Each structure stands twice: as C-alpha cells, then as structure tokens.
1. For Thr247, state whether it is within 20 Å of Thr150 (Cα to Cα), open to solvent by less than 50 Å² (accessible area, probe 1.4 Å) and not in a helix (DSSP H, G or I).
2. Taking the conditions exactly as written (assigned to a helix (DSSP H, G or I), of a type in the set (A, V, I, L, M, F, W, C) and either modelled with pLDDT under 95 or surrounded by fewer than 16 Cβ atoms within 10 Å (Cβ to Cβ) (or both)), does Leu198 satisfy them or not?
3. Looking at the stretch 64-81, can you tell me whether even one residue there is in contact with a Pro (Cβ under 8 Å, 6 or more places away or on another chain), of a type outside the set (Asp, Glu) and surrounded by fewer than 24 Cβ atoms within 10 Å (Cβ to Cβ)?
4. Identify the single condition in (1) more than 26 Å from Glu116 (Cβ to Cβ); (2) modelled with pLDDT under 95; (3) of a type in the set (D, E, K, R); (4) not in a loop (DSSP other than H, G, I, E, B) that Lys225 does not satisfy, given that it satisfies every other one.
5. Give the residues of the stretch 90-104 that are within 19 Å of Gly125 (Cα to Cα) and open to solvent by 10 Å² or more (accessible area, probe 1.4 Å), sorted by residue number.
6. Does Ala53 meet the test of being hydrophobic (A, V, I, L, M, F, W, C), in a strand (DSSP E or B) and either open to solvent by less than 80 Å² (accessible area, probe 1.4 Å) or at pLDDT 90 or above (or both)?
7. Of the numbered conditions (1) closer than 12 Å to Gln207 by Cα; (2) at pLDDT below 95; (3) of a type in the set (Lys, Arg), Arg270 fails exactly one; give the number of that condition.
8. Restricting the search to the stretch 106-125, which residues are open to solvent by 10 Å² or more (accessible area, probe 1.4 Å) and either within 9 Å of the chain's Cα centre (by Cα) or touching a residue at least 60 places away in the same chain (Cβ under 8 Å) (or both)?
Amino acid sequence: MIARSLAGAALLLGLAGLAVMTPGLAASEGGTLTIPLDPPPPPPPMPGVAGPAGAPLVVIDAGHGGYDLGAKAATGEQEKDLTLAVARSVRDALARHGRVRVALTRSDDRFLALRERYEMARKLGASLFLSIHADSAGDDQEAHGATLYTLSEVASDAEAAALANRENKADIVRGVNLSGRPEAVTSILIDLAQRESLENAAAFTDQIHREAQSVLPFRRDFHRKAALVVLKAPDVPSVLLETGYITNDADRGLLSSQDGRARVGAAVARAIEIHFARRFAQR
C-alpha cells in the first residue's frame, strides 16, 4: 500500500483497487471512493513453430509493434512495419530450406513487452534469438549501415545476479530447475549458461556479418555491446540486428523494397543455418 497526499486528499494505492479519501467527504459518505483497477492482461499467445521436428529452433523478434511505432522516416515508413517485413523474409527463407525450425514473436501489428519477447524464446527452448530493428539518426541523413548488438558483460553479470537472487528461484536454466538449490550452486549454473550464451551470440554476429555484408552494408564498428533488455535471456544466445538507418535514403530503400528484404532475409537465414550447422557439429 502506498499513500500520497494530493491537494488535501489522500491517495491510497493497493493491490485490489484505487482508493481516494477526501476530508470533505469523510463524514458524509464514509470518506472512501473505490475505483477498481483493470485486471492484468493475459500473457501473449505462444507463437507457432515451423520446420522439421528435432531441428534447432531460432526465434525471430520483429522489434516494436502496436502503439510502439519505433522510429519513423520523414517519408512515412515506420520501424515497426519494416522490422516485421524483414522478420517475415528471414522466416520464409528458413521455411523454404527446411533445415531449422523458426518462430516469430509477433506475426502481426501487436505490442509485446521486452521480457515477453525473450521469454517466448526460453519457453520454446530456442537455441538462438534474433531481434530485428532499424536505427534512426534524426536529421542526420549521412548515418548509415547495419549494426549487431550483444549483451554487455556488465549487464550479463547484473542479470545473472538478479536471477540468482530471486526469492522463488523457480527459473529453469538449460533445463535445470534452480528452485531449492544452494545459492552458490545456483550462481554457478546461471553464470555458466550466461557465458556460453554470450560466446555463441558473439560467434553468430560474426557469421551474420560474413554472410550478409554483400547485401546489407555494415558500419565499420559493426559489433557493439549494450545493456539491452531484449537480449537478457540467460540461456539463449541473443543478438539484436539494427538493419540500417530508417533516416538514410539508401538504407530505407533497401528495407522498404520487397526485393531488398528478400535478399536480406536470405542472407540472414543462411547465417543462421551455418551457425547451427557448426554449433551442433561440435557436440
């Protein structure tokens, strides 16, 4: 319960509802007006998975969606639409080849919270998570090129610590239920899973760069690390691909054209297939 004073009125926030107590009404009307809060929204539906049973699974995340428009070009294109179109192109290329399984966090124009996105990948048992975005540089039309992001080690350590310190410890990492395990063991298991995920994510960024650079121009410093929430799954290698600048005519033209998206999708799909082939051949 949180109490605040607002111009002579006491605002009480509780789990069941919102109560406003006004001194002038306290005597005549009991002093309490209760406004019920909306119930929490249900979790988003799990996406469908396409591809041969037993094959490794990649979850493709189209950034933004719904009322979250993302960046917007002066010519009207919105990031949420371009990211969905590119995500579909990657999915379609993978589905045609039939070598891996693929799922989209969203296949239409809907809003998803950041944690909902990577939790879908975890619940589905994905071996790779790729979030697709488009950058913006405001009025600077010279900024151009794609960028790949992985989680910074500092953010990784902080997320691992937060996960290890959760009260119920009911999280499952690499198929191991952490509930009831000693804190030291929990921390070690999470740390090992997180480090393996970071290594695999870094290897995948190199693979995308090699396979897609002839189609998708990359920035010179194409691999960056940041504390991005969508990359914080502790046990799923996660990469965010900024496909270019929506504020740059050349980058936007590539992403806006069906042919350009098809070529980008084919290159990214090829990188995913090679990454899986190399990773699982080592086991």
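The values are calculated or read from the model by the stated rules, or taken from the named source; none is laboratory data. Computed from a predicted model, the values in this text were never measured in an experiment. With ideal geometry, Cβ positions are generated from the backbone for all residues, glycine too; neighbour counts draw on all protein chains shown. Surface areas here come from the heavy atoms of the whole protein model, side chains and all, with no ligands, DNA or RNA. Shrake-Rupley method; radii C 1.70, N 1.55, O 1.52, S 1.80 Å.
1. Working: within 20 Å of Thr150 (Cα to Cα): no; open to solvent by less than 50 Å² (accessible area, probe 1.4 Å): yes; not in a helix (DSSP H, G or I): yes.
So Thr247 does not fit the description; no.
2. Judged against the criteria, Leu198 is a match.
3. Taking the stretch 64-81 first, the residues in contact with a Pro (Cβ under 8 Å, 6 or more places away or on another chain) are none.
No, every residue in the stretch 64-81 fails to be in contact with a Pro (Cβ under 8 Å, 6 or more places away or on another chain), of a type outside the set (Asp, Glu) and surrounded by fewer than 24 Cβ atoms within 10 Å (Cβ to Cβ).
4. It fails just one condition, (1).
5. First pass over the stretch 90-104, keeping only residues within 19 Å of Gly125 (Cα to Cα): 91, 94-95, 98-104.
Selection gives Arg91, Ala95, Gly98, Arg99, Arg101, Leu104.
6. Considered against the rule, which asks whether it is hydrophobic (A, V, I, L, M, F, W, C), in a strand (DSSP E or B) and either open to solvent by less than 80 Å² (accessible area, probe 1.4 Å) or at pLDDT 90 or above (or both), Ala53 comes out as no.
7. (2)
8. Selection gives Ser107, Arg110, Ala113, Leu114, Arg115, Glu116, Glu119, Arg122, Lys123, Leu124, Gly125.
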